[in-house]
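See below for the structure under consideration.
The values are calculated or read from the model by the stated rules, or taken from the named source; none is laboratory data. The model shown is predicted, which means the values in this text are computed figures rather than measured ones. Here the Cβ positions follow ideal geometry from the backbone for every residue, glycine too, while neighbour counts run over all protein chains shown. When the accessible area is computed, the model is the full protein with side chains, heavy atoms only, and any ligands, DNA or RNA have been set aside. Shrake-Rupley method; radii C 1.70, N 1.55, O 1.52, S 1.80 Å.
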Amino acid sequence: MPHWDLLITDARIASMRAAAGAYGIIEDAALAVRDGRIAWLGAAAERPAVAATQTVSAAGQWLTPALIDCHTHLLFGGNRAAEFEQRLQGASYEAIARAGGGIMSTVNATRAASDAELLAAGCKRIDALQRDGVASVEIKSGYGLNAATELRLLRLAKQLGELRNITVSTTFLGAHAVPADFAGNADEYIDMLCSELLPQIASDGLADAVDAYCESIAFSAEQVNRLFARAAALGLPVKLHADQLSDTGGAALAARHHALSADHLEYSSTDGIAAMAAAGTVAVLLPGAFLTLRETQLPPVEALREHGVPIALATDCNPGTSPVASLRAIMALATSQFRLTPEECLAGVTRVAAQALGLHNDTGTLEVGKRADIAQWDLQHPRELSYWLGLNELRQLYVGGKTVHPNN
């Protein structure tokens with residue numbers, strides 16, 4: 001006889017299925033879990049007579065897919081509050097980076113930190129995300145910039161997923177900046193990544209994707225093209241930090257490699273956006289960096305909409321340009337800064353965020369067969385998830401059907 005492990009009754013559901021109408025709402029609903037996956041959901045009146053080991057009432061509260069943070073750099077040593085203060089006094093991000101600050105200052109602090117120190121700091125940031133209803137997070141390397149530390153960061157990122165009940169997608173971002181020992185030799189550094197690091201990472205299964213920073217202060221399109229070609233040969237999907245500070249053709253470059261996502265995009269051209277649409281590449285917008293850097297060049301939201309490019313949102317949690325550990329805050333910022341609708345914001349941290357990580361067949365919506373990653377909210381309507389700033393309405397978080405109690 002069929003049997004459910006968990007049955008949640010007296011619920012209102014926002015499934016976030018694209019084909020299910022606004023928010024995918026089901027009133028007076030129930031949801032069942034078996035073996036960590038959604039076994040049934042729908043109107044309570046249609047619920048089959050199946051026994052459940054545990055039955056809980058949602059007391060009329062909302063169930064949505066648990067949130068997904070699809071772009072973070074949250075595993076690092078130290079912080080850059082001093083640079084934050086410098087920028088407020090007029091220094092530009094580019095000027096600070098060229099003077100030896102920026103990414104390289106975090107690289108030095110990360111190399112010097114112990115595994116225990118990095119894990120403790122990473123757990124603290126994940127706890128904050130889980131209190132916002134996050135059940136999946138992407139974590140990039142990129143603060144090592146040498147073989148030993150890059151590999152160490154990828155291994156530690158996987159450990160974070162074990163230490164906290166959260167799904168971690170790892171991304172290799174060795175092409176984040178040119179390290180000091182390769183100064184003036186960016187091509188040689190890319191050669192090293194392609195010949196030494198990428199094969200080991202692929203062989204050891206340490207990364208789910210490969211990323212790069214395509215910008216005048218980082219790597220050229222030609223250099224990224226070589227890296228991505230090598231990643232493809234090794235069976236690794238790619239994503240790209242694209243067109244954040246200038247139009248380097250990053251959006252089109254990402255599309256050429258059928259990247260999972262192109263992220264930032266403030267300076268992307270209409271042609272680049274059209275190329276992304278044709279390639280099925282997701283746009284990941286990062287309001288935290290836009291806010292922290294006090295940018296004025298808005299990402300081309302209307303062009304993304306017109307071309308049908310799916311829009312995801314993420315914290316970009318990092319010490320230099322987006323010291324943000326709240327995905328709910330990012331949703332609120334996206335409405336005020338980028339004029340996204342509340343429904344676009346919720347889709348951007350659930351369904352579309354899953355697509356940006358290549359996880360859309362497994363999570364991101366509430367559907368039978370998908371992983372039972374569920375957030376329960378004390379709300380009148382899901383639009384409030386983008387409306388409130390600083391009010392935590394999360395009442396329960398389920399990861400794989402198991403209750404998670406984020407550390408305070």
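Look at (1) outside any strand (DSSP E or B); (2) out of contact with any Pro (no Cβ under 8 Å at 6 or more places or on another chain) and you find that Ile38 fails only one, number (1).
The single condition among (1) in contact (Cβ under 8 Å) with a residue 60 or more places away in the chain; (2) farther than 15 Å from Ala14 by Cα; (3) in contact with a Ser or Thr (Cβ under 8 Å, 6 or more places away or on another chain); (4) assigned to a loop (DSSP other than H, G, I, E, B) that Val324 does not satisfy is (1). Residues that are open to solvent by 40 Å² or more (accessible area, probe 1.4 Å) and in contact (Cβ under 8 Å) with a residue 60 or more places away in the chain do not occur anywhere in the stretch 273-288.
The set of residues in the stretch 29-56 that are touching an Asp or Glu at 6+ places or on another chain (Cβ under 6 Å) and crowded, with 17+ Cβ neighbours inside 10 Å comprises Val33, Arg34. Can we say Arg111 is among the basic types (Lys, Arg), more than 30 Å from Ser322 (Cα to Cα), open to solvent by 50 Å² or more (accessible area, probe 1.4 Å) and at pLDDT 95 or above? Taking the combined requirement at face value, the residue does not satisfy it. Residues in the stretch 114-158 that are farther than 20 Å from His71 by Cβ, open to solvent by 20 Å² or more (accessible area, probe 1.4 Å) and of a type outside the set (Lys, Arg): Ser114, Asp115, Ala116, Glu117, Leu119, Ala120, Asn146, Ala147, Ala148.
Can you find a residue that is of a type in the set (D, E, K, R) and open to solvent by less than 10 Å² (accessible area, probe 1.4 Å) anywhere in the stretch 62-79? Checking the stretch 62-79: at least one residue is of a type in the set (D, E, K, R) and open to solvent by less than 10 Å² (accessible area, probe 1.4 Å). The set of residues from the stretch 266-295 being outside any helix (DSSP H, G or I), at pLDDT 95 or above and more than 15 Å from the chain's Cα centre (by Cα) comprises Glu266, Tyr267, Ser268, Ser269, Gly280. Just one of (1) without any contact (Cβ under 8 Å) to a residue 60 or more places away in the chain; (2) part of a loop (DSSP other than H, G, I, E, B); (3) under 25 Å from Lys239 (Cβ atoms) fails for Glu367. It is (1).
Assess whether Ala332 counts as being within 24 Å of Leu75 (Cβ to Cβ) and among the aliphatic types (A, V, I, L, M). Spelling it out, it is not the case that Ala332 is within 24 Å of Leu75 (Cβ to Cβ) and among the aliphatic types (A, V, I, L, M).
Of all the listed residues (Ile201, Ile166), the sole one being over 14 Å from Gly122 (Cα atoms) and open to solvent by less than 20 Å² (accessible area, probe 1.4 Å) is Ile201.
Every residue in the stretch 8-28 that is within 15 Å of Ala44 (Cα to Cα), of a type in the set (A, V, I, L, M) and open to solvent by 10 Å² or more (accessible area, probe 1.4 Å), please. Residues satisfying the conditions are Ile25, Ile26.
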